[in-house]
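K.L.:
I have a structure I would like to understand better, so I am pasting it below and will then ask my questions one at a time.
The values are calculated or read from the model by the stated rules, or taken from the named source; none is laboratory data. Since we're looking at a predicted model, the values are computed, not measured. A quick note on method: Cβ atoms are made from the backbone with ideal geometry, for glycine too, and the neighbour counts reach across all protein chains shown. Note: areas computed on protein heavy atoms with side chains; ligands, DNA, RNA excluded. Shrake-Rupley method; radii C 1.70, N 1.55, O 1.52, S 1.80 Å.
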Amino acid sequence: MAPSFTNKRTNLYIFLSAVFLTNALVAEIIGVKIFSVEALLGTKPAQIHLFSDFILDFNLTAGAVIWPFVFITSDLINEYFGKSGVRRISFLTAGFVGYSFLIIYAVTTLPPAQFWLDVNAKDGAGHVININNAFQMIFRQGLGIIIGSLTAFMIGQILDVYVFHSLRKITGSRKIWLRATGSTLVSQLVDSFVVLGIAFYVFGNWSLTQVLAVGIINYIYKATSAVVLTPLLYVAHYFIDRYLGKEYAEELANESAMSSFM
């Protein structure tokens, strides 16, 4: 027997929520690594002069690589399940991210087994390493970064929902690209600076100039990704419409829009 529309709708929400939560959680964990875009592309450092004497290169957190997929999934949940659907998974994700950091912190405090230290005493090149210290440095993030990332995440999600449905009220079911890209551009403008401001200015030792400069680079990447990945959003809509049936998909999107305007 073919699954009913109710079952398909439930399965779709579970799948989109799982993709959203997984990408957000992985992005938070791998975000401790900062990589050079110039080195990746084999080009010279940009050496951009911003705000007087501050020189900036294109360095990004590794979490930014997969964060655009969080935007896309959030927009899809927004489209088919409305404000309540996004709020539900956003709060759940924030809770699971916080839980993950607690577990990771607890694990890093466990005393290491001596044989584990011995078999990992050197890297592949023969250099002496402290594997336990490396484990702690990689996985344990500062309290400021955790608070900053979770705060920025929730503020960004709330803004994304509001802007998305404000634009949908104007465009109706047309111009998916406008409400998806527009909501991301607004929400990530705030997110990019909030997370840096809390993590590295309030709790760290960055100057406001550094926060603004790095925030600009992060936002340029996120804004560019939102535009470049717009076709992927249409591909996702196509497969969702095929899965639910075009008539039911439109009905679900209209229901979510009406509930969000009430």
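K.L.:
Is at least one residue of the range 229-251 among the charged types (D, E, K, R) and within 21 Å of V37 (Cβ to Cβ)?
P.N.:
Checking the range 229-251: not a single residue is among the charged types (D, E, K, R) and within 21 Å of V37 (Cβ to Cβ).
K.L.:
Here is a follow-up. If you check Y105, Y80, which single one turns out to be open to solvent by 50 Å² or more (accessible area, probe 1.4 Å) and at negative phi?
P.N.:
Residue meeting the stated conditions: Y105.
K.L.:
Now, a different point. Is it true that V65 is touching a Ser or Thr at 6+ places or on another chain (Cβ under 7 Å), open to solvent by 40 Å² or more (accessible area, probe 1.4 Å), modelled with pLDDT of 80 or more and on the phi < 0 side of the Ramachandran plot?
P.N.:
Considered against the rule, which asks whether it is touching a Ser or Thr at 6+ places or on another chain (Cβ under 7 Å), open to solvent by 40 Å² or more (accessible area, probe 1.4 Å), modelled with pLDDT of 80 or more and on the phi < 0 side of the Ramachandran plot, V65 comes out as no.
K.L.:
Continuing with this model, one more query. Can you tell me which residue among A113, A213, A121 is in contact with a strand residue (DSSP E or B) (Cβ under 6 Å, 6 or more places away or on another chain) and more than 30 Å from S84 (Cα to Cα)?
P.N.:
A213
K.L.:
Go through (1) farther than 22 Å from F193 by Cα; (2) in contact with an Asp or Glu (Cβ under 8 Å, 6 or more places away or on another chain) one by one and return the number of the condition F5 breaks.
P.N.:
The single condition F5 does not satisfy is (2).
K.L.:
Okay, moving on. Any chance the range 29-50 includes a residue that's under 30 Å from I240 (Cβ atoms), among the basic types (K, R) and touching a residue at least 12 places away in the same chain (Cβ under 8 Å)?
P.N.:
no
K.L.:
Of all residues in the range 1-39, which are among the β-branched types (V, I, T), out of contact with any helix residue (DSSP H, G or I) (no Cβ under 9 Å at 6 or more places or on another chain) and either farther than 23 Å from V214 by Cα or at pLDDT 85 or above (or both)?
P.N.:
Within the range 1-39, T6, T10, I14, T22 qualify.
K.L.:
Test G156 against the criterion of being open to solvent by less than 60 Å² (accessible area, probe 1.4 Å) and outside any helix (DSSP H, G or I), and give yes or no.
P.N.:
no
K.L.:
Given the options L40, L92, L50, name the one that is open to solvent by less than 70 Å² (accessible area, probe 1.4 Å) and not polar (S, T, N, Q).
P.N.:
Result: L50 is the single residue among L40, L92, L50 that is open to solvent by less than 70 Å² (accessible area, probe 1.4 Å) and not polar (S, T, N, Q).
K.L.:
Return the pairs, sorted by first residue and then second, in which the second residue is charged (D, E, K, R), the first residue lies in the range 128-140 and is without any contact (Cβ under 8 Å) to a residue 24 or more places away in the chain, the beta carbons are less than 8 Å apart, and the residues are 6+ apart or on different chains.
P.N.:
The qualifying pairs are V128/K122; I129/K122; I129/D123.
K.L.:
Moving on to the next point. Restricting attention to the range 1-36, and to residues there that are over 25 Å from L150 (Cα atoms) and open to solvent by less than 50 Å² (accessible area, probe 1.4 Å), which single residue is farthest from the chain's Cα centre (by Cα)?
P.N.:
Filtering first and then ranking leaves F5.
K.L.:
Strands (runs of 3 or more DSSP E) wholly in the range 1-71 with at least 3 residues that are touching a strand residue (DSSP E or B) at 6+ places or on another chain (Cβ under 7 Å) and over 23 Å from R140 (Cβ atoms) - which ones?
P.N.:
48-50
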